[in-house]
Amino acid sequence: MAPPAPDRRVADLAAAFVELRTALGRTLIGQDDAATGLTLALLAEQHAYLEGPPGCGKSALAAALAALSGARTHTLVFHRDIRETDLLGDVLLSRHRHRGHERLRRELIPGPLLQAEIALLEDLPRSPGEALGPLLRILAERHALGQPLPLESAVATGPLEQVEAPIDPLEPGQLDRFAVQLRLTGLLTGGLFDEAAVLLEREAARVPPRSADPSAADSAGAPAAATAAPRSAVISTGTPNRLEPGERRSGSRRRRGGPSSELGNRQPGEPRGAFSPRSAVMSTTTRNAAQRAAAALRIEPRTIDAYHRLLDRLRQRSADNSASGDRLMSDRSFSSAALRLVRAHAFLRGAPAAAPRDLGAIRYMVAHRLPEEVQADFDHILEELLGDPPKVTMTETGAQMPGAQSQGDDDSDGAAAASPASDSWIDDKADLPAPPTLFGKPPAPAQVDPLLRALVGRIERGRIDPDTDPGGQPRGYRPLRDLDELIDADVIEALLFAEGRLPGAPRTFERKRRSAGGAVAVLRDISASMAGRLTVWSSQVVLGILRVAARRRMRVGYVEFHHRALPHEVGGRLLHRSYSRLAEQAGQAKAVGQTNYEAPLRTALEGLRGGSGRNRHIVLLTDGLPIIGDTTVRRERQLAHRLGVALHTVFLGNGDCPPVLDDISLETAGLRFCGRPTAGGGLRLEER
Amino acid sequence: MTDLAPLRALLDHHVVGHDEVKTALLLALITREHIYVEGPPGTAKTRLAEVAAKGSDLDFFFYQLHRDTRLAELVGDIVLERRRVKTEPTDPAGSGEAERIHQRIEPGGLLTAEVAVLDDISRAPGEALNVLLRILNERRFGAEPIPLMAAIATGNPMDDEYYNEPLDPANLDRFALQLRVTGLIQSGAEDARLLIDRFAAGSVVEQPEPEPVTDRTTLDSLNRRMYEVRIGPAVRAALLDVLRTLVLEFECNETNSLLTDRTFLVKAVKILRGTALLAGRDTVELADLAALSWMTTFRVPPEAHEALPRVIGRVSRQVRAV
């Protein structure tokens, strides 16, 4: 608990964090939002998860935070084979003679990660979930091996949930340990060409790295300073701090500046202009004092009211967008963590208490907690809620400008009238980067979900259980079978084994891989009767299948058909992995012509024939009877049966389902579905 | 010509054709970027890498990756250190002793090499490559910087005939330079004749050991000189225009491309400077932008990659006109 600090002191504390925020923003051009989010995370002592495409500066930003904050840091790069000892520490093996026999005990000694104030967890999702479980629990509890951790913030980075990355995405429950969730966009792919030009100019002026250390020439490799300031006190964190009435500060400190940049108001003696993120801008004492002060900040009652309304609104909107999948608004995050972030937000702008607009801090929490549509709309929802577009930003940081005159406004919302400052440190009106959706298309709405789920289940059947594979992820232990496996054995047991002290064989990793591969061909009827809504629905089904295929790295084929089959080949092959290209194609289909089942089935089967292995599927989407070609498709059914290809059929529309579709599915162990338009304009899907 | 002329001559001496790969290899050594060469078997990928590495007299690490590749095989041996520590008498029944066991890696392989050749990189499982490629990127292992200048990786095409998986995009991005090679005979190139003539003459001993023709000092000085190469506003504007065209016209985005800031805003500057230096200039010219197509091979959709020379030509004309 902090002693009631004099105002000036508190102002200095806030200034230090504003300085941190500014320096972070300068380290990485064009990532101001992330810089603010990280600053808030450290101030509120919350964990942060940074996600983004490769090479956009995630690691550099995290490393800069660690270096600038002067915190004792440990960086851990996650990979497939990470072990308990990497995460937690060394093993202490103790032997005790006990009544004539020997007792061996194995304990862990806290390693550098457990002694760090900031833990940088690079590429977190690259480790199998099994390995992460214990670590993430420790992070949340901030308590390990029987002692409290000095940990303030863990900053994890991870790749964008990308179609081709061989990773298990973190589960929502795991992600929830990270209160702050930020999604970075690249300057180029985000279309920020002005910022890109600035970065280019900076690179063009780059001089050779001073030392022989080649990493200095790589922006993404900015190393964390490992210097550790001696820690003054261990603070216990992770519980919501009580409001201490004694720590309430008077409003006199708060003042509103003009729309000037805080960059111009640097206090004398502070480091300025340095691009190098290697020198700390604050001491550990300052950092911890600021964290304590921020945690103790009062929250105005109307802020709490507004927060309840905001949560209602977010729940409501999320329910409307339920199709977007696993989203989580947990009590843990939205009580303690959220309010600490709100306090930190207020503290950072030098306010004596958290006003409703400090709820803006919640936007740094939503990347994985709300459906994408709702995230994109978050600022708008908040603005609406506050009844007034909160254009004003943080220029009233009294902490920054001790000389500025107080305007005497008591109501910080009243500041909304002030002119917006373009370069203030928190730009409330900046849009969240548009959340990336797979293939740049919105996810399929609810109507086609049951169909997709069933199809996905079938397509994935047999590959939910990963196969044992020596190159795969460690998924558990099994007994050693041959001495070659010793390299993969539990280290301590292998040691004891080598010394002849282990009664049996040491445990070794059981490695498994999800077998990638398999193939699915989508045959889509684009005959004239498919015009209108049916086209939209079938596009969604195709996109959904493509998404599944991409995740499982299955090859895909896409054939549109009317009276003829129109295969979309890439490089002369029907089956390929150009998912995005097919997705684009599927969005452009036009309905024309009549229906022929034979031609597309033949095309697809020919394409699948060359491949080997199981797990080959054809999905036939149609709305009508075949008119042209062999309407019984007898030969194709036989061929499919022989090849072991499952033919799934989906009939869309009001008419009667042609019996031939049933025959096709039954003979090849495929699924049968039909979708009927409803009066309300929806689509009702049922198994035939 | 630069100080690397002897190395180029050595490459020419040992391998017929493949001009672009040879230039790109020199570029990788000057700029200290990693290079990935993809092509069908028997197209001198590994040979080129080997000649470049040995000819520059650098500590050299060659590793053939396979589907069970483990980290330890690449970075050295895992050692266990045991240290006796005092125990607290927790067990009243008997006297105790304890050992602290620390697992660490005795640096070797990639961690001590100056040039690494990673053969058939696409055969290793993506999960295993992650940490390797991070080492390549940051050129440090844990807190220790490593002496690595350039890694040269080779791989087979991502077709179904070859038992490999496409490299993870994040991993592929670690290789600033990316080239695709085709066999001289397969593609019916002019040089194919030369190649056959050479072997027909019988005067060539197959696979002679390349002699060092340059050294680390030369490469270090070239690397310093690279940073003195000027890259003016016109070239910068042109580079940005090319990138803008890729994003806006060819719709390169996060899902279909690897148009990363690290590569195209940071590393591209180095590659352009290196290209100018290889051409014996101290200023980057618009013509040097052609080197960009060694960066886009596997980063943008094929149609955008193919169109790149055209885009560069158009942008260069516009910039010149201004």
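The values are calculated or read from the model by the stated rules, or taken from the named source; none is laboratory data. Just so it is clear, the structure is predicted and the values come from calculations on it, not from any experiment. All Cβ positions, glycine included, derive from the backbone under ideal geometry; neighbour counts span all protein chains shown. What goes into the accessible areas is simple: the full protein's heavy atoms, side chains included, and nothing from ligands, DNA or RNA. Shrake-Rupley method; radii C 1.70, N 1.55, O 1.52, S 1.80 Å.
First measure r as the distance between the Cβ atoms of B:Ala290 and B:Thr182, then evaluate 1/(1 + (r/R0)^6) with R0 = 25 Å and state the FRET efficiency to the nearest 0.05.
0.85
In what sequence, highest mean first, do A:299-306, A:369-376 appear when ranked by Cβ atoms within 10 angstrom?
So the order, starting with the most tightly packed, is A:369-376, A:299-306.
I need the calculated FRET efficiency for the pair A:Glu569 and B:Ala192, taking r as the beta carbon distance and R₀ as 35 Å, to the nearest 0.05.
Calculated transfer efficiency: 0.75.
Distances over 27 Å make up what percent of all Cα-Cα pairs in segment A:63-214?
Counting pairs separated by more than 27 Å, the tail of P(r) holds 42 percent.
Quantify how strongly other chains surround peptide A:94-105 by giving the mean number of their Cβ atoms within 10 Å of each of its Cβ atoms.
What the average comes to for A:94-105 is 5.
Give the long-range amide H neighbours of A:Tyr477: residues separated by 5 or more places, or on another chain, with amide H under 5 Å away, using H modelled in the peptide plane at 1.01 Å from N.
Here the answer is A:Glu510, since their amide H atoms fall under 5 Å of that of A:Tyr477.
For segment A:531-584, state which trypsin sites (Lys or Arg not before Pro) are in a DSSP loop and have at most 16 other beta carbons lying within 10 Å of their beta carbon.
Filter output for segment A:531-584: A:Arg564.
Near the amide H of A:Gly52, under 5 Å away, which other amide H atoms are found, from residues 5 or more places off or on another chain, if H is placed in the peptide plane?
A:Gly158, A:Leu160, A:Leu184
In peptide B:296-303, what is the residue-averaged number of other protein chain Cβ atoms found within 10 Å of each Cβ?
Counting other chains' Cβ atoms within 10 Å and averaging over B:296-303 gives 1.
What ranking of A:Trp537, B:Trp294 comes out by heavy-atom accessible area, probe 1.4 Å, highest first?
Of A:Trp537, B:Trp294, the descending order of accessible area is B:Trp294, A:Trp537.
What 222 nm value per residue comes from the helices of chain B, counting each DSSP H run with n ≥ 4 as -39,500 (n - 2.57) and dividing by all residues, nearest 500 deg cm²/dmol?
Estimated from H runs of four or more residues: -12500 deg cm²/dmol.
For the interface of chains B and A, what total accessible area is buried with a 1.4 Å probe, rounded to the nearest 100 Å²?
Interface area, both chains combined: 6900 Å², rounded to the nearest 100.
Show B:Lys267, A:Lys590, B:Lys54, B:Lys86 ordered by accessible area, largest first, where the area counts protein heavy atoms only and the probe is 1.4 Å.
Solvent-accessible surface, decreasing: B:Lys86, A:Lys590, B:Lys54, B:Lys267.
I'd like the mean, over residues of A:46-56, of how many other protein chain beta carbons sit within 10 Å of each residue's own Cβ.
4
Can you check what the net charge comes to around A:Asp630, using other residues whose Cβ is under 12 Å from the Cβ of A:Asp630 (Lys, Arg +1; Asp, Glu -1)?
Charge balance in the 12 Å sphere: +2.
Please compare each pair in A:Lys58/B:Lys54; A:Lys512/B:Lys54; B:Lys54/B:Lys267; A:Lys58/B:Lys270 to a cut-off of 32 Å on the Cα-Cα distance and tell me which ones are over it.
Pairs exceeding 32 Å: A:Lys58/B:Lys54; A:Lys512/B:Lys54.
Which percent of the Cα-Cα distances in segment B:229-322 go past 24 Å?
14
Percentage of Cα-Cα pair distances in segment A:1-114 greater than 19 Å, rounded to whole percent?
Percent of Cα pairs beyond 19 Å in segment A:1-114: 63.
Summing Lys, Arg as +1 and Asp, Glu as -1, what charge do residues with Cβ under 11 Å from the Cβ of B:Glu50 carry, B:Glu50 excluded?
+1
Please list, in chain and number order, the residues 5+ apart from A:Asp469 or on another chain whose amide H is under 5 Å from its amide H, with Hs placed from the backbone.
Residues meeting the amide H criterion: A:Arg511, A:Lys512, A:Arg513.
Excluding A:Glu141 itself, what net charge comes from residues whose Cβ is under 12 Å from its Cβ, given Lys and Arg +1 and Asp and Glu -1?
Spelling it out: positives minus negatives among the neighbours equals +4.
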